[in-house]
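The values are calculated or read from the model by the stated rules, or taken from the named source; none is laboratory data. Fair warning: this is a prediction, and the values are worked out from it, not measured in the lab. Note that we place each Cβ from the backbone using ideal geometry, even for glycine, and neighbour counts take in every protein chain shown. Accessible surface areas use protein heavy atoms only, side chains included; no ligands, DNA or RNA. Shrake-Rupley method; radii C 1.70, N 1.55, O 1.52, S 1.80 Å.
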Amino acid sequence: MPTIKVENSRGDLLDFSKHTEYAIIIEDGLTPPTADVVTSAVSMFDGEQFNYSKLQKRNIVLRIWPTRDVEKNRINLYKWFTSKQWIRLYFSNESRSVYIDGYVEIMDGGLYSNPQNYQVSIICPDPYFKNVDETFVIGSYVNPLFEFPFSIDEDGIEFSTYDVVSSVTIENKSDAEAGMSIVLTATNTVANPKIYRRDTLEKFALKFEMQAGDIITINTRKGEKGVKLYRNGVETNIINSIDRQSKWLQLIPGDNLFTYDADDGLIFLNADFKYNQIYGGV
């Protein structure tokens with residue numbers, strides 16, 4: 001059974017699967033949205049030339065029926081469905097558990113109809129559904145060295161080693177390119193860290209010297225792009241440290257191979273990757 005939840009800008013969550021005061025269906029907006037395909041005529045040739053294509057915004061339409069205490073429960077819905085306000089819609093079925101952000105266009109319905117029901121229109125500028133759970137790809141691992149039987153020399157033995165992997169493969173099962181967060185952590189001084197995409201040789205580089213304990217988060221998601229430094233509990237915007245030749249790296253559907261490097265101190269640098277898979281429909 002699909003479940004539907006909504007969250008408002010204050011973080012209040014309404015789970016329709018747990019509230020018997022309402023019945024709800026999604027009338028429209030779960031399948032892939034319409035695409036704009038732009039072409040132009042070419043002299044002396046049949047047909048037209050393709051220029052570009054892009055998805056339109058998504059329009060999700062809900063139908064809601066209060067099952068009892070109609071007036072009270074209708075007014076309660078205004079906490080989430082107020083025109084022009086931001087809203088996050090969660091949807092889960094047997095195959096996917098996703099969310100999408102949008103803005104309430106209208107909540108309308110007949111107050112004197114029997115039974116009362118209301119239609120809610122939500123406009124989502126970013127048309128992709130995002131997987132609720134982030135995927136983490138860690139750029140380091142602990143290599144166990146302790147085995148039975150064993151003996152310990154006077155100088156001692158290693159129980160494990162902390163290895164840094166400077167190349168990472170990410171399998172993106174999304175329907176389209178997806179942005180990500182790249183988290184750089186320094187255990188000592190690191191000069192000018194950079195991340196490369198192996199197949200295209202694109203890179204994202206910083207002209208910045210990291211200190212021990214520094215954490216830099218690079219966000220390449222649409223509408224959220226930025227670079228933040230966390231040092232001694234203080235967050236600082238260091239977007240001006242981006243090298244001019246940098247590209248906001250994206251994850252294409254399928255395998256993605258990234259490597260990371262630094263002008264100095266690579267052995268003290270670790271890179272972890274976080275992303276949400278995105279879907280055109282559910």
Which pairs, out of LYS54/LYS225; LYS57/LYS228; LYS5/LYS130; LYS57/LYS130, put more than 18 Å between their alpha-carbon atoms?
LYS54/LYS225; LYS57/LYS228
With a 1.4 Å probe and every protein chain kept in, tell me what percent of the accessible surface of the chain is carbon plus sulfur.
49
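Mean separation of Cα pairs under 8 Å and 6+ residues apart, divided by the residue count of the chain: what relative contact order is that in percent?
This gives 19 percent for the chain.
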For the chain, what is the Kirkwood estimate of the hydrodynamic radius, computed as the reciprocal of the mean inverse distance between distinct Cα atoms, to one decimal in Å?
22.7
Tally Lys/Arg at +1 and Asp/Glu at -1 over every other residue whose Cβ is under 11 Å from the Cβ of GLU21; what's the total?
+3
Percent relative contact order of the range 176-253, based on C-alpha pairs within less than 8 angstrom and at least six residues apart?
36
Taking springs between alpha-carbon atoms closer than 10 angstrom, which of LEU55, LEU269, LEU111 fluctuates most in the Gaussian network model of the chain?
LEU111
Around MET107, with a cut-off of 12 angstrom between Cβ atoms, what is the net charge of the other residues, counting Lys and Arg +1 and Asp and Glu -1?
+2
Run a plain Debye calculation on the range 1-68 (Cα atoms as equal point scatterers, no solvent) and give log10 I(q)/I(0) at q = 0.14, 0.28 Å⁻¹, rounded to two decimals, same order as the q list.
-0.63, -1.21
Need one number: nm distance between label points at LYS207 and ILE138, each 7 Å from Cα along Cα→Cβ, rounded to one decimal.
3.6
